[in-house]
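One structure is given here, and the rest of the page talks about it.
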Amino acid sequence: MRKTLIYILGLTICSLTSVAQNDSIPQINTDRPTQSAAPYLVPKGSFQIESGIIYTNREDQSDIMEMWSIGNTMLRYGVYDNFEVRLVGSFENSKTQVKSTEIDSSYSGIGPVTAGFKVFVVEEKGIRPEIAIVASITFRHLGSEYYSPTYSYPIGLLALNHNISKRLSFGYNIGFAYSGENADGFFIYTGVLGYKISNRFWSFAEVYGDFDNGNFPNHKVDAGLTYLVRNNLQLDVSGGFGITNDVNKYFLSTGLAWRIPR
């Protein structure tokens, strides 16, 4: 299965590269592969696809779970210069082993479906960061029953970014979310340090997580690299792991972002 996924991804990259526009067009800005949402929007009238494959391994005291998120995709469209709409979905395949019984269970199907928007607020000036508002809702009745939440739930956050120098930037998100399983909300945060290695390569390191009054804080770190094939086509690879004591969790991801030529 892994070889097939790699083969499909390779064919997709080759086909997109062959139709990508030249470098006279504006450079693409994306929300992947970081967990942070950037304050930058898709240009008005432009359609952008950000998609990838994510492998996740999680182990706690009771079970071990492996999950493949295939075609984990965000579709973005610029309605106005300061407003874009977004739609997120994926195909999920997961395998869980219960340690006490050594029984395996496998599931696959369409993952949760999320719709939302991003609104640009203000440009960076001096110590004031560039700011945008991002909001979304994940629907209960869309996607496979196993992966759908019990209740539809919203997420809202501020996306902020400082350009420290021509090569170094610092972005962060602050927001509030729900799990879709109960009425209790929790705070979410991200902080990402980006470094421009060259005109084509960009790297990042990031910390992110959530916390509330009723549960242990859940913190993770990740890092990755992007490569700009064309100004409208970007490839990426990333990985991360959890640093919370009660769960050993890590993920690996690779994907691309393509702004379709108009």
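The values are calculated or read from the model by the stated rules, or taken from the named source; none is laboratory data. What you see is a predicted model, and the numbers here were worked out from it, not measured in a lab. Here the Cβ is made from the backbone with ideal geometry for all residues, glycine too, and neighbour counts use every protein chain on show. Each accessible area value is taken on the protein alone, full model and side chains, heavy atoms only, with ligands, DNA and RNA left out. Shrake-Rupley method; radii C 1.70, N 1.55, O 1.52, S 1.80 Å.
A single entry from Ile127, Ile103, Ile110 fulfils the requirement of being under 20 Å from Glu50 (Cβ atoms) and free of Cβ contacts under 8 Å to residues at least 60 places away in the same chain: Ile110. Looking at segment 171-211, which of its residues are open to solvent by less than 30 Å² (accessible area, probe 1.4 Å) and of a type in the set (D, E, K, R)? The answer is Glu206, and nothing else. The criterion of at least 3 residues that are open to solvent by less than 40 Å² (accessible area, probe 1.4 Å) is met by the following strands (runs of 3 or more DSSP E) wholly inside segment 61-131: 63-80, 83-98, 114-122. If you check Tyr147, Tyr151 for being closer than 30 Å to Ser106 by Cβ, open to solvent by 60 Å² or more (accessible area, probe 1.4 Å) and in a loop (DSSP other than H, G, I, E, B), only one passes: Tyr151.
Within segment 45-60, the residues that satisfy the criterion of being closer than 30 Å to Ile131 by Cβ and not in a strand (DSSP E or B) are Gly45, Ser46. Pairs linking a residue in segment 57-73 that is touching a residue at least 60 places away in the same chain (Cβ under 8 Å) to a residue that is in a strand (DSSP E or B) and loosely packed, with under 15 Cβ neighbours inside 10 Å, with Cβ atoms under 7 Å and 6 or more positions apart or on different chains, are Glu59/Asn248. Checked across segment 245-260, the condition of being basic (Lys, Arg) and surrounded by fewer than 18 Cβ atoms within 10 Å (Cβ to Cβ) holds for at least one residue.
Look at Asn218 and say whether it is surrounded by 18 or more Cβ atoms within 10 Å (Cβ to Cβ), over 19 Å from Pro33 (Cα atoms) and either of a type in the set (Val, Ile, Thr) or more than 15 Å from the chain's Cα centre (by Cα) (or both). When the stated conditions are applied, Asn218 passes them.
The conditions of being modelled with pLDDT under 95, under 18 Å from Phe170 (Cβ atoms) and under 18 Å from the mean Cα position of the chain (by Cα) are met by Gly209. Of the set (1) open to solvent by less than 30 Å² (accessible area, probe 1.4 Å); (2) over 30 Å from Ile133 (Cα atoms); (3) modelled with pLDDT of 90 or more, all apply to Val42 but (2). Kindly check whether there is at least one residue in segment 21-34 that is modelled with pLDDT of 90 or more, open to solvent by 40 Å² or more (accessible area, probe 1.4 Å), in contact with a Phe, Trp or Tyr (Cβ under 8 Å, 6 or more places away or on another chain) and over 19 Å from Val229 (Cβ atoms). Among the residues of segment 21-34, not one is modelled with pLDDT of 90 or more, open to solvent by 40 Å² or more (accessible area, probe 1.4 Å), in contact with a Phe, Trp or Tyr (Cβ under 8 Å, 6 or more places away or on another chain) and over 19 Å from Val229 (Cβ atoms), which makes the answer no.
When His162 is tested against (1) open to solvent by 20 Å² or more (accessible area, probe 1.4 Å); (2) out of contact with any Pro (no Cβ under 7 Å at 6 or more places or on another chain); (3) under 25 Å from Gln48 (Cβ atoms); (4) in a strand (DSSP E or B), only condition (2) is not met.
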